[in-house]
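Since the structure comes first, as structure tokens, the remarks are kept for the end.
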Amino acid sequence: KNEVEQSPQNLTAQEGEFITINCSYSVGISALHWLQQHPGGGIVSLFMLSSGKKKHGRLIATINIQEKHSSLHITASHPRDSAVYICAVRSLSGSRLTFGEGTQLTVNP
Amino acid sequence: DTGVSQDPRHKITKRGQNVTFRCDPISEHNRLYWYRQTLGQGPEFLTYFQNEAQLEKSRLLSDRFSAERPKGSFSTLEIQRTEQGDSAMYLCASSPYRDRSFYEQYFGPGTRLTVT
């Protein structure tokens, strides 16, 4: 079993839909990151959180430390949100990130 | 600042050849990370530096792999005697680190290696 599991692996939505991507992890962490990767490889950090909830524009990330679970929500999805979304956890020592396999999101107009 | 840059962006090499990649981090960032990503998978940690010191290496980093950050600025990742299994995207990231606080990592565009 991977230390970081994401679901779903693939997600197709219609423009305007509310989207949720889930991440579960099995190790102790100092922080959790949500990242976005577009075709061609470029990775952009969306959130880094260690508790509670963060919001940036149409994106919301939550984390429940006790349950070892995080969710990324996208409200009013748009085709430009189509990308791979990756959850990564930072080790307790803080020295490395362990990544999930990513969720391929496709938003159709 | 223009962000993290990597060179080359693409490299095609024949099996058995040596390759070297370069990463230039954001200038004030003292931590630099190398990751490898194969198709359809999330990135995997390879190694990281704080200033010029290499503080951790993954077991994925076999003896054929070596990384340096000689002056605490840019870093190089060398792969000797490349194998087809080395084909992947090699990602570099940097972040500040101070006062025992951790910050977001900023990723470069990656170097895509194809070993034929």
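The values are calculated or read from the model by the stated rules, or taken from the named source; none is laboratory data. Treat the numbers as computed from the prediction; the structure is a model and nothing was measured. Neighbour counts are summed over all protein chains in view; Cβ atoms, including those assigned to glycine, are modelled from backbone coordinates with ideal geometry. For accessibility, only protein heavy atoms count, side chains too; no ligands or nucleic acids. Shrake-Rupley method; radii C 1.70, N 1.55, O 1.52, S 1.80 Å.
Expressed to the nearest 5 percent, the antiparallel share of DSSP beta bridges inside chain B is 90 percent. Contact with the other protein chains removes 40 Å² or more of accessible area, compared with the isolated chain and a 1.4 Å probe, from these residues of segment A:63-108: A:ARG90, A:SER95, A:ARG96, A:LEU97, A:PHE99, A:GLU101. Comparing each chain alone with all protein chains together (probe 1.4 Å, DNA, RNA and ligands left out), the residues of segment A:16-45 losing at least 50 Å² of accessible area are A:ILE43. The convex hull drawn around the Cα atoms of segment B:1-103, when projected onto a plane and averaged over every direction, covers 6.9 nm². Legend: P(r) of chain A from all alpha carbon pair distances, 5 Å bins from 0, whole percents, reading 2, 13, 24, 26, 19, 10, 4, 1, 0.
Comparing mean-square fluctuations of B:PHE102, B:PHE65, B:PHE21 from a GNM of chain B with C-alpha springs under 10 Å, the top value falls on B:PHE102. Let me know the whole percent of all Cα-Cα pairs from the protein assembly as shown that are separated by more than 25 Å. That fraction is 41 percent. Taking a straight Cα-Cα cut-off under 12 Å and skipping sequence neighbours fewer than 8 places away in the same chain, the aspartates and glutamates within cross-link reach of B:LYS11 are B:ASP86. For GluC sites (Glu not before Pro), the sites in segment A:1-97 that DSSP calls loop and that have at most 16 other Cβ atoms within 10 Å are A:GLU3, A:GLU15, A:GLU17, A:GLU67.
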